[in-house]
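See below for the structure under consideration.
The values are calculated or read from the model by the stated rules, or taken from the named source; none is laboratory data. Predicted model, so just to flag it, every value in this text is computed and none were measured. Reconstructed Cβ throughout: ideal geometry from the backbone, glycine too, with neighbour counts over all protein chains shown.
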Amino acid sequence: MKLRCLRARPAAALLLLALAACGGGGGGNDGPLPTFDTSAVAAADPGSPLPADWRSGVFAEIFVRAYKDSDGDGIGDLRGLTAQLDYLRDLGVSGLWLMPVMPSQDGDHGYAVTDYRTIEPRYGSLADFDELLRQAHARGIGVVIDYVMNHSAAQHPAFVNSRDSSANPWRDWYVWQPSKPGGWNVFGADPWHNAGNGYYYYGAFWDQMPDFNLKNAAVVGWHHDNLRFWLNRGVDGFRFDAVGNLVENGPSAWESQPQNYVLMDQVRQLAGGYAQRYVVCESPANPIPFATACGAAFAFGHQFDVINAAKGDTAAVQAVAGYFATAPLGMATFASNHDSFAGQRLWDQLGGDQARYRMAAATTLLQPGTPFIYYGEEIGMAGAASLTGDPKLRTPMSWSGTAAGFTSGTPFRAVSANIATQNVAAQQADPNSLLNYYKALISLRRSLPSLSQGSYAAGSAAGTLLTFQRVAGGERSVVVINYGTAPATATVGGLPAGTVLANAFPPSGTDLSTDAGGTLSVPVPAQSVRVLVLRS
Ligand code: GLC
């Protein structure tokens, strides 16, 4: 009875009727139970207006709430973001990842979703989202949105129904036990929460984030309908949250279970049925296996090696040289993101040392992978001095020297500690700024197919000197990064004898020739980068 009702997946308007027919409702809840949209969504691909290579460009991770406020309420919104698209185009990015834009219970980062088929009202409307897509596409920029399949908000109507009674047809959409299971420890906490009605539900992250039961085909089918809802609107793909947590098989089998890979493989195929979409997964524990299932995954762990290499740690330089010898070339690389477990803002990790900062940026932008720049990283935004934890990393974008660049009202959160010096207005005017360094490297990457799409070869570390090559077609880029504080000379062998390599970076560099044995000597000043290109 229950399953038959679920399979029918009644349209939203008919849901209350269907609930009654299925014997749901009542129980511990006095009022009528809330409804939500469970209507089936068939694939209807509007196509992709983006250039064929948009997925091999650089992405920006955007926290809409903190990016740009268009209406003076102190909270960033979609219209604000749309107004800044020229800035993002000029930075050179070809994709945006928006942290959750759906309505949420947490009212901040957005990962406790209360409605999967609309826009958070304080961010705007679906019409505003459509306009953002149009405007981004017109600039050759794709838009990828965060999708949380693992859990909903406790206030999501599906969970309100599910917790109402064990006879409710939505009961099996979440994970219930009649008594508290023992022996569980997920991220240092007990994931079983007392519903107050004699039952316990599973929520890996928070008692207000109940995990969906993804062993229930109806739940998976509904998520697929939600995904098609967004894909049919023209969204260019998804960042999938917490894919290591999707399915639980026991107290010592709750992370990266075999079913998780199957689920993400299905999602990759669903999105792959649409033109030129992109899927990237978040699994801090198992990034490389999920890169295969999802198509791409964030390169957790690698960011710390890059940052330590930038500090001159020779073991980290070794690790950076070796990473892409085995990791898939499509790993989504990043220096930091919105989660403090992934590290503080890059500026804070490097104590504001701009020479080291540039080396970390150059490593991420010149190695393989799809680099994701966390908003404000390109101007060296620090965390807020008065805050700790995740909020510290999620401050209003420093458009100018004060909060007035972000909002005409009162910002929802303290601004970054270094807003007076590290802001867009100041750096646009300075040719030697960090912002212009990022722009130069992104533009270099875009101009050389070997850097944006090429293979990885001859990665090697010698102390604080890193060399590697990138190859695409007849183009070979030789990259040398000197993390050390003294000038050095890199020796790169195995190249054609007596051949000129054209200087590509820095603009002031000169062409260099290999010797009669096919070896290139590349002098590199302290804490700097050189890129030379061989074309056959
Ligand atoms: C991921 C997100 C994080 C969120 C959590 C639960 O780790 O990056 O911000 O709180 O999942 O959704």
Meets criteria (over 21 Å from the mean Cα position of the chain (by Cα), within 16 Å of the ligand (Cβ to nearest atom) and buried (at least 21 other Cβ atoms within 10 Å of the Cβ)) for HIS151: no
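Using the structure shown, decide if TYR201 is outside the structural domain of TRP97 (by TED's automatic domain parsing), more than 14 Å from the ligand (Cβ to nearest atom) and touching a residue at least 12 places away in the same chain (Cβ under 8 Å). Show your work before the answer.
Details: outside the structural domain of TRP97 (by TED's automatic domain parsing): yes; more than 14 Å from the ligand (Cβ to nearest atom): yes; touching a residue at least 12 places away in the same chain (Cβ under 8 Å): yes.
Considered against the rule, which asks whether it is outside the structural domain of TRP97 (by TED's automatic domain parsing), more than 14 Å from the ligand (Cβ to nearest atom) and touching a residue at least 12 places away in the same chain (Cβ under 8 Å), TYR201 comes out as yes.
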Residues of region 301-315 satisfying the condition of being crowded, with 21+ Cβ neighbours inside 10 Å and farther than 19 Å from VAL480 by Cβ: HIS302, GLN303, ILE307
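Of GLY484, GLY474, GLY494, which residue is loosely packed, with under 15 Cβ neighbours inside 10 Å, within 25 Å of GLY322 (Cα to Cα) and in contact (Cβ under 8 Å) with a residue 60 or more places away in the chain? Quick ask: steps written out before the conclusion?
Values: GLY484 fails: loosely packed, with under 15 Cβ neighbours inside 10 Å; GLY494 fails: in contact (Cβ under 8 Å) with a residue 60 or more places away in the chain.
Testing whether each residue is loosely packed, with under 15 Cβ neighbours inside 10 Å, within 25 Å of GLY322 (Cα to Cα) and in contact (Cβ under 8 Å) with a residue 60 or more places away in the chain leaves just GLY474.
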From the options VAL144, VAL160, residue that is hydrophobic (A, V, I, L, M, F, W, C), under 22 Å from PHE341 (Cβ atoms) and not in a loop (DSSP other than H, G, I, E, B): VAL144
Positions within region 488-536 being small (Gly, Ala, Ser), outside any strand (DSSP E or B) and at pLDDT 95 or above, in sequence order: GLY493, GLY494, ALA497, GLY498, SER508, GLY509, ALA516, GLY517, GLY518, ALA526
Single residue of region 222-258 satisfying the filter (touching a residue at least 60 places away in the same chain (Cβ under 8 Å) and among the β-branched types (Val, Ile, Thr)) that is nearest to the ligand (Cβ to nearest atom): VAL243
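Does region 377-392 hold any residues that are within 16 Å of the ligand (Cβ to nearest atom) and either over 18 Å from ASP353 (Cβ atoms) or free of Cβ contacts under 8 Å to residues at least 24 places away in the same chain (or both), and which are they? Spell out how you get there, then give the answer.
Our first condition is that a residue be within 16 Å of the ligand (Cβ to nearest atom); within region 377-392, this holds for 383, 387-392.
If the condition is that a residue be within 16 Å of the ligand (Cβ to nearest atom) and either over 18 Å from ASP353 (Cβ atoms) or free of Cβ contacts under 8 Å to residues at least 24 places away in the same chain (or both), then LEU387, THR388, GLY389, ASP390, PRO391, LYS392 are the ones that fit.
It is to be established whether one or more residues within region 253-273 are farther than 30 Å from ASN482 by Cβ, among the basic types (Lys, Arg) and not assigned by TED's automatic domain parsing to the domain that holds SER528.
There is at least one residue in region 253-273 that is farther than 30 Å from ASN482 by Cβ, among the basic types (Lys, Arg) and not assigned by TED's automatic domain parsing to the domain that holds SER528.
Looking only at helices (runs of 4 or more DSSP H) that fall completely inside region 34-133, which ones have 3 or more residues that are closer than 27 Å to TRP206 by Cβ? First the steps, then the outcome.
Working: elements: 64-67, 78-83, 85-91.
Per the criteria, 64-67.
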Of all residues in region 53-112 being of a type in the set (Lys, Arg) and either in contact with a helix residue (DSSP H, G or I) (Cβ under 7 Å, 6 or more places away or on another chain) or without any contact (Cβ under 8 Å) to a residue 60 or more places away in the chain (or both), the one that is farthest from the ligand (Cβ to nearest atom): ARG89
Filter result for the condition that a residue is in a helix (DSSP H, G or I) and more than 30 Å from TYR111 (Cβ to Cβ), over ALA425, ALA360: ALA425
Residue identified as in a loop (DSSP other than H, G, I, E, B) and either among the polar types (S, T, N, Q) or modelled with pLDDT under 95 (or both) among ASN232, ASN226, ASN260, ASN249: ASN249
Pairs, first under 18 Å from LYS392 (Cβ atoms) in region 415-426, second basic (Lys, Arg), C-beta under 9 Å, six or more apart: SER416/ARG345
In region 206-221, the residues that are within 14 Å of the ligand (Cβ to nearest atom) and either in a loop (DSSP other than H, G, I, E, B) or among the small types (Gly, Ala, Ser) (or both): TRP206, ASP207, GLN208, MET209, PRO210
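Looking at this structure, is GLY401 under 27 Å from VAL58 (Cα atoms), in a loop (DSSP other than H, G, I, E, B), in the same structural domain as TYR123 (by TED's automatic domain parsing) and more than 16 Å from the ligand (Cβ to nearest atom)?
On the way: under 27 Å from VAL58 (Cα atoms): yes; in a loop (DSSP other than H, G, I, E, B): yes; in the same structural domain as TYR123 (by TED's automatic domain parsing): yes; more than 16 Å from the ligand (Cβ to nearest atom): yes.
So GLY401 fits the description; yes.
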In region 175-207, the residues that are touching a Pro at 6+ places or on another chain (Cβ under 7 Å), among the small types (Gly, Ala, Ser) and surrounded by 18 or more Cβ atoms within 10 Å (Cβ to Cβ): GLY203, ALA204
Checking SER400 against (1) among the hydroxyl-bearing types (Ser, Thr, Tyr); (2) touching a residue at least 40 places away in the same chain (Cβ under 8 Å); (3) within 24 Å of PRO431 (Cβ to Cβ), the condition it does not meet: (2)
Residue list for region 287-302, filter: more than 14 Å from the ligand (Cβ to nearest atom) and in a helix (DSSP H, G or I): ILE288, PRO289, ALA291, THR292, ALA293, CYS294, HIS302
Count of region 316-356 residues which are assigned to a loop (DSSP other than H, G, I, E, B), more than 20 Å from the chain's Cα centre (by Cα) and either within 15 Å of the ligand (Cβ to nearest atom) or surrounded by fewer than 19 Cβ atoms within 10 Å (Cβ to Cβ) (or both): 3
Residue, surrounded by the fewest Cβ atoms within 10 Å (Cβ to Cβ), within region 259-286, restricted to residues that are of a type in the set (S, T, N, Q) and within 16 Å of the ligand (Cβ to nearest atom): ASN286
Candidates ASP207, ASP190, ASP164, filtered to the one that is charged (D, E, K, R), more than 30 Å from GLY95 (Cβ to Cβ) and without any contact (Cβ under 8 Å) to a residue 24 or more places away in the chain: ASP190
